[in-house]
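Right, one structure below, let's go through it.
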Amino acid sequence: RFRATELVRRDVLVVSTGCGSAACGTAGFLIPEMALDTAGPGLREVCEAIGIPPILHLGACVDNSRILTIVSAMAQEGGLSDEIGGMPAVGIAPEWMSEKALAIGCYFAASGVPVIFGGESPVGASKQVTHLMTEVWLERFRGALHFEPDPEKILELALTYIDGAREDLNLRKYEPGKFGGERVLMDMAARRGIEKAAKPHIGIY
């Protein structure tokens, strides 16, 4: 909860899957109203404008490829880059529990997204492997694998990656009122009303 609270407070939109989503839901982060109480001013403006919570649930832990789809959209639709590497995005697995998480982290890193695992490194005894997963991968793919047991250092490293990527992309800092228009915070009932009023998909003939 500490990491989620601090990231949201510092204007970072969080997307989560699996057990992490369950914890975020229990803490109340998956409802739009939570943005009013927890989000930083920039993130709150976005959440209010389009009626989303500060943390978005994307499915089970095996659905993490959806996160890469979002990062791809950031690069392409935002006109920021022609690749995922270098986007202001970081993967965090604070309490990973199986080798499956390591496999997911590896394909994130290979795709260009740095990943931080909580806890001690299972390969920490090898300086060569650690160097390969951090510095070499970061240079070649713009992604890396880190292991860090300290929650505050995880947060610090994640924000360092995000802020560094934003600076490299020349993204402007948040300016109050610059991007927001008329904002309506929609609750779940209001969104269901819109969905109900929408015309059903009739297929292609």
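What to note about this one:
- Test: residue in the range 73-86 that is surrounded by 14 or more Cβ atoms within 10 Å (Cβ to Cβ), within 25 Å of THR5 (Cα to Cα) and among the β-branched types (Val, Ile, Thr): no
- ILE67 vs. criteria under 14 Å from the mean Cα position of the chain (by Cα) and either farther than 26 Å from ASP168 by Cβ or buried (at least 18 other Cβ atoms within 10 Å of the Cβ) (or both): yes
- Within the range 1-17, restricting attention to residues that are touching a Leu at 6+ places or on another chain (Cβ under 9 Å) and not hydrophobic (A, V, I, L, M, F, W, C), the residue that is nearest to GLY59 (Cα to Cα) is THR17.
- Qualifying positions in the range 18-33 - in contact (Cβ under 8 Å) with a residue 60 or more places away in the chain, outside any loop (DSSP other than H, G, I, E, B) and either surrounded by 18 or more Cβ atoms within 10 Å (Cβ to Cβ) or touching a Leu at 6+ places or on another chain (Cβ under 6 Å) (or both): GLY20
Here is a yes/no grid of residues against (1) without any contact (Cβ under 8 Å) to a residue 60 or more places away in the chain; (2) under 24 Å from VAL14 (Cα atoms); (3) among the aromatic types (Phe, Trp, Tyr):
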{"residue": "TRP96", "(1), (2), (3)": "yes, yes, yes"}
{"residue": "LEU102", "(1), (2), (3)": "yes, yes, no"}
{"residue": "VAL115", "(1), (2), (3)": "yes, yes, no"}
{"residue": "GLN128", "(1), (2), (3)": "yes, no, no"}
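- Within the range 52-98, the set of residues being among the aliphatic types (A, V, I, L, M), touching a helix residue (DSSP H, G or I) at 6+ places or on another chain (Cβ under 9 Å) and part of a helix (DSSP H, G or I) comprises VAL62, ILE67, LEU68, VAL71.
- Condition check for ALA110: small (Gly, Ala, Ser) and closer than 24 Å to LEU145 by Cβ: yes
- Residue within the range 106-114 that is assigned to a loop (DSSP other than H, G, I, E, B), modelled with pLDDT of 95 or more and touching a His at 6+ places or on another chain (Cβ under 9 Å) present: yes
- Lone unmet requirement of (1) surrounded by fewer than 17 Cβ atoms within 10 Å (Cβ to Cβ); (2) closer than 30 Å to THR130 by Cα for LEU7: (1)
The values are calculated or read from the model by the stated rules, or taken from the named source; none is laboratory data. Given the structure is predicted, the values throughout are model-derived calculations rather than measurements. When we count neighbours, we look across all protein chains shown, and the Cβ atoms used for this are built from the backbone with ideal geometry, even at glycine.
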